[in-house]
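Here the structure is laid out as structure tokens; the discussion comes afterwards.
The values are calculated or read from the model by the stated rules, or taken from the named source; none is laboratory data. On a predicted model such as this, the values are computed, not experimentally measured, just so you know. We place every Cβ from the backbone using ideal geometry, glycine too, and count neighbours over all the protein chains shown.
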Amino acid sequence: MTDRLTPGDEAPDFTLPTDDGGTVSLKDLRGGKVIVYFYPNAMTPGCTTQACDFSDSLSSLQAAGYTVVGISPNDPAKLAKFRDRDGLTITLASDEDRAVMTAYGAYGEKKLYGKLVEGVIRSTFVVDEQGRIELAQYNVKATGHVAKLRRDLGLAS
């Protein structure tokens with residue numbers, strides 16, 4: 001497993017395919033703050049809750065200078081279905097080989113229902129304007145996470 005990132009670390013750059021047929025690159029977002037979050041599987045209950053919460057908060061996050069990118073191992077076609085089914089407005093990116101997740105320490109051993117398994121570790125990172133990690137949160141809960149993140153960032157709810 002890759003070491004976990006901590007505030008001040010350089011954020012690993014990435015270019016990934018998105019749900020809309022395009023790509024998203026962290027370097028292209030430099031100059032603004034970016035919330036990058038990793039989730040295990042589109043269209044599952046927890047991941048849907050989290051994606052909907054980010055979508056519901058997107059306009060206020062954008063007003064505070066943040067771009068949101070959700071990354072999962074799902075292919076772009078499944079991400080497009082996820083976006084359409086739930087009316088998602090955030091950018092969804094596909095990391096099918098899990099290389100970006102691994103670089104962020106968001107893929108590896110985790111406990112699932114009391115068993116040790118290898119998989120996506122639900123994680124959120126805030127990347128500052130210079131491309132450095134401002135906030136790194138691992139093993140986050142899907143429900144209530146966006147509200148907690150907003151509090152951590154000092155944004156009114």
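Counting only residues that are touching a strand residue (DSSP E or B) at 6+ places or on another chain (Cβ under 8 Å) and closer than 16 Å to residue 19 by Cα, which one in region 33-48 is surrounded by the fewest Cβ atoms within 10 Å (Cβ to Cβ)?
Restricting attention to region 33-48, the residues satisfying the condition of being touching a strand residue (DSSP E or B) at 6+ places or on another chain (Cβ under 8 Å) are 33-42, 47.
Add one more test, that the residue is closer than 16 Å to residue 19 by Cα, and what stays is 36-42, 47.
Numbers: 36: 26, 37: 24, 38: 26, 39: 26, 40: 20, 41: 15, 42: 25, 47: 21.
Taking the candidates together, the pick is 41.
Checking the structure you have, find out if any residue of region 54-63 is closer than 16 Å to residue 121 by Cβ and not aromatic (Phe, Trp, Tyr). Break it down stepwise before answering.
First, the residues of region 54-63 that are closer than 16 Å to residue 121 by Cβ: none.
Within region 54-63 (the criterion being closer than 16 Å to residue 121 by Cβ and not aromatic (Phe, Trp, Tyr)), the answer is no, since none of the residues qualifies.
Quick one: what pairs do we get from region 55-66, first residue among the small types (Gly, Ala, Ser), second in a helix (DSSP H, G or I), C-beta under 6 Å, 6+ apart or different chains?
Listed pairs, sorted by first residue: 57/146.
Being out of contact with any Leu (no Cβ under 9 Å at 6 or more places or on another chain) and within 24 Å of residue 141 (Cβ to Cβ) is the filter; apply it to region 1-32 and report the residue that is surrounded by the most Cβ atoms within 10 Å (Cβ to Cβ).
So, considering only residues that are out of contact with any Leu (no Cβ under 9 Å at 6 or more places or on another chain) and within 24 Å of residue 141 (Cβ to Cβ), the one surrounded by the most Cβ atoms within 10 Å (Cβ to Cβ) is 5.
In this structure, is residue 127 at pLDDT 95 or above, of a type in the set (A, V, I, L, M) and within 16 Å of residue 40 (Cβ to Cβ)? First the steps, then the outcome.
Values: at pLDDT 95 or above: yes; of a type in the set (A, V, I, L, M): yes; within 16 Å of residue 40 (Cβ to Cβ): no.
Taking the combined requirement at face value, the residue does not satisfy it.
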